[in-house]
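> What follows is a structure written as structure tokens; I'll ask about it next.
The values are calculated or read from the model by the stated rules, or taken from the named source; none is laboratory data. Note that the coordinates shown come from a computational prediction; the quantities given were computed from them, not determined experimentally. FYI the Cβ positions are ideal-geometry reconstructions off the backbone, even for glycines, and counts take in every protein chain you see.
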Amino acid sequence: MSISTVDALTDTIGAEIDIPIVISNSSAINSAEVTVHYDTSMLVYRGSVSASGNGIDEPGIQLPGQSRLLIPAASNGDTLAYARFDFYPTTQPCTEVTFDSLMVTSNQMMCAALRNTSATCHICSSNGCGNGLISQFMRYGTALLGDLTVQPNPAGSQMILHTSSTLGLAKIEIIDPLGISRQSIVGTLDSKQPINLDLQALAEGLYYLKVTSGQFTRVIPFVHYEH
């Protein structure tokens, strides 16, 4: 029994990629599951599909960078399914998807085993693709620019920064009307974990919250009053 893949190639930023995964030389099995590892900075897992194109798992239940791909049994004794990804080359044109941790379910028993250790599929964009600005915009859409809010506004000693999308590390600055940075931190923009901002060192007045994530910048005006 073995796991194999074929290399995938795309010439379009933001392309959808179906990577075939085959488990061969198998007999009398019902299905197989394979753990998939992938680079979350370049790939978004969409789920897996059978050879007939029917969806066979849900992408919302995986861990970041890891999921399980279900492969149904084929009538010829081999199994075939496709791992479906959206591909967004950001800092480099190529990435990899690794398949391992094979689990086979037969009519008689369930067994877990590794065969050939793992199989790796290489995905590359063509020359000239991979622009970070374009690919991030296609990945996150206009939501990357519009999902940030602050509460309360006006704010006293504290203010909370919310985002409806998990966007990773960001530089967060408080700028006065003269363009001088009065406060600067690096934080993680996470939809489940708002960022608390301490405003006690600021004088009353109008300020601008500048949030920079990757190559995107958002500026939010707010008013601070002494509490």
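> Is there a residue in region 142-164 that is at pLDDT below 90, of a type in the set (D, E, K, R), buried (at least 16 other Cβ atoms within 10 Å of the Cβ) and not assigned by TED's automatic domain parsing to the domain that holds residue 87?
Checked against the condition, which is being at pLDDT below 90, of a type in the set (D, E, K, R), buried (at least 16 other Cβ atoms within 10 Å of the Cβ) and not assigned by TED's automatic domain parsing to the domain that holds residue 87, region 142-164 yields at least one hit.
> In region 167-182, how many residues are over 15 Å from residue 153 (Cα atoms) and within 30 Å of the chain's Cα centre (by Cα)?
7
> Kindly provide the set of residues from region 79-100 that are exposed (fewer than 15 other Cβ atoms within 10 Å of the Cβ) and modelled with pLDDT under 70, ordered by number.
Correct list: 91 only.
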